[in-house]
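What follows is a single structure, written as structure tokens, with notes after it.
The values are calculated or read from the model by the stated rules, or taken from the named source; none is laboratory data. Quantities reported herein were computed from a predicted structural model and do not represent experimental measurements. Every residue, glycine among them, receives a Cβ derived from its backbone with ideal geometry; neighbour counts consider all protein chains shown. Areas reflect the complete protein model, heavy atoms only, side chains present, ligands, DNA and RNA absent. Shrake-Rupley method; radii C 1.70, N 1.55, O 1.52, S 1.80 Å.
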Amino acid sequence: MEEAEKIWLSPPHMGQQEENFVLQAFESNWIAPLGPHVNEFERDLESYNGVKHAVALSSGTSAIHVALTLEDIGPKDVVFCQSFTFCGSANPIFYAGSNAVFIDSEPDTWNMDPDLLEQAIEDTLASDEGLTPKVIIPVHLYGMPAKMDRINAIASKYNMIVVEDAAESLGSTFMGKKTGSWGDYGIYSFNGNKIITTSGGGALVTSKPEKAKEALHLATQARDEAPHYEHSKIGFNYRMSNVLAGIGRGQMRVLDLRVKQRRANFQRYVTFFENWNNLGLNIRFQIEKSDSHSNRWLTAILVDPANNMGLSREDIRKHLLKHKIEARPLWKPMHQQPVFKGVKYYGRGVSDYLFENGLCLPSGSNLTDDNFDRIFEALSELFKMKLRQQKKQLSSEF
Ligand SMILES: *Cc1c(COP(=O)(O)O)cnc(C)c1O
């Protein structure tokens, strides 16, 4: 028998047009970090997300760094960042030599808890450290929108800037408005595992034309206008290449389809786990509220051993791995990361619980029926074993 191929967590999924756009880049010799694809990709991002200006960059992380630089964030400022996220949300705070405060998630959206955020801001204002609360970085984890109405209200109350990390949520909406379009800045990522990809890439979006112009300037080594190379500030080499933007243009054409496909994956998992929940398990999901529409980038489950006959997310992860199926624990919160030891944190144990019990399942938009059969067979095998053990245990107790 042929050996089964590995089922990955979230592999790239190309449509029909990407290769043509890349070939065009070669044929026209626009291989540089500027060119027609970069411009068109930016226009696509603007119209899709309902934002005035998009700047295509080399990554989502660099987009956050540029946003913080545009606001002159430094050692006297405080940036309040969701703790439950990928390190790309937080690292730029430290590139900018600023101060982070990590904020826990709320149980319903798994995203930044607005009450804790406000408490942290109040405490910063009341302390005698001389630091100013400047920026809030909420994240739409796994595609699920954070409560942007409340976070924006807090930002305007304290005269702060919102950098909305929509790296995982391209295509998601909150109250009918695209994620990434709520903040003063929004950032997207087109890394290889995201809902669409340019192999590596990102974008910064904003409604302010002067900020977009300055972002472009900063991202191209802050070169001033002159026939020679003239610089009056420190810039970055963060621009997206025209070749990669060609991939991005093709991917934008299938983005809505990818959202549908990822949401369909989620529904398949729900149906499967509901059957097992009826038999005694208690697997839970990230809940989508009526004001939210998630792209369901990754399907994530919660497996609390206390309600699942002792079964843990690690039992499931390891079992799937034996069957060559990749699953991954949820993001380890930033406040638990060794590198951020000593950074202030406001929490109530929500993200700790989520990390302890949460697992991301294969969620690629190119998962086949056969792939799902394999995943469900492997899971069923484990669950049946568990139920049998449980029955034996129960009968031996009588
Ligand atoms: C992927 C990701 C980023 C960073 O994007 P890169 O393009 O990999 O730099 C930032 N934040 C979150 C939440 C992400 O998932």
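What to note about this one:
- Globularity index of the range 48-95 is 1.25 (Cα radius of gyration / 2.2 N^0.38 Å, N = number of residues).
- When both bridge partners sit in the range 16-254, DSSP labels roughly 50% of those beta bridges antiparallel.
- Nearest-10 value in Å² for the accessible area of W182, using the 1.4 Å probe: 40
- The figure for H231 is an accessible area of roughly 90 square angstrom, using a 1.4 Å probe on the protein chains alone.
- 3J(HN,Hα) along the range 265-274: 4, 4, 4, 5, 4, 4, 4, 4, 6, 4 Hz, from the Karplus curve 6.51 cos²θ - 1.76 cosθ + 1.60 with θ = phi - 60°, whole Hz, x for Gly and Pro.
- Surface exposure of the range 256-397, expressed per residue as accessible area with a 1.4 Å probe, stands at 50 Å².
- Accessible carbon and sulfur surface of the chain relative to its total accessible area, %, 1.4 Å: 52
- Convex hull of Cα atoms in the range 316-369, direction-averaged projection (nm²): 5.4
- Only helices enter the 222 nm calculation for the chain: every DSSP H run of n ≥ 4 contributes -39,500 (n - 2.57), and dividing by all residues gives -13000 deg cm²/dmol, rounded to 500.
- Projecting the Cα atoms of Q221, M240, L279 onto the dipole axis of the chain, where Lys and Arg carry +1 and Asp and Glu carry -1 at the beta carbon, places L279 farthest toward the positive end.
- More than 19 Å apart - percent of Cα-Cα pairs taken over the range 247-357: 60
- Where GluC sites (Glu not before Pro) fall in DSSP loop in the range 124-171, at most 15 other Cβ within 10 Å: E129
- The chain: angle of helix 369-397 to the longest principal axis, Cα-based, in degrees nearest 10: 50
- Accessible surface comparison of E18, E122, probe 1.4 Å, protein chains only, largest first: the order is E122, E18.
- For the chain, convex hull volume per residue from C-alpha positions, Å³: 160
- The range 301-398: C-alpha gyration tensor shape, a/c 1.5 cut-off, then a/b vs b/c: oblate
- Distant-in-sequence amide H partners of D77 (H built 1.01 Å from N, under 5 Å): N99, T132
- Crossing angle, helix 18-27 versus the chain [Cα axis fit, 0-90 degrees, rounded to tens]: 30
- Nearest 10 degrees, 0 to 90: helix 114-126 Cα axis against the chain principal axis: 50
- DSSP loop trypsin sites (Lys or Arg not before Pro) with at most 11 other Cβ within 10 Å excluded, longest remaining stretch of the chain: 1-232
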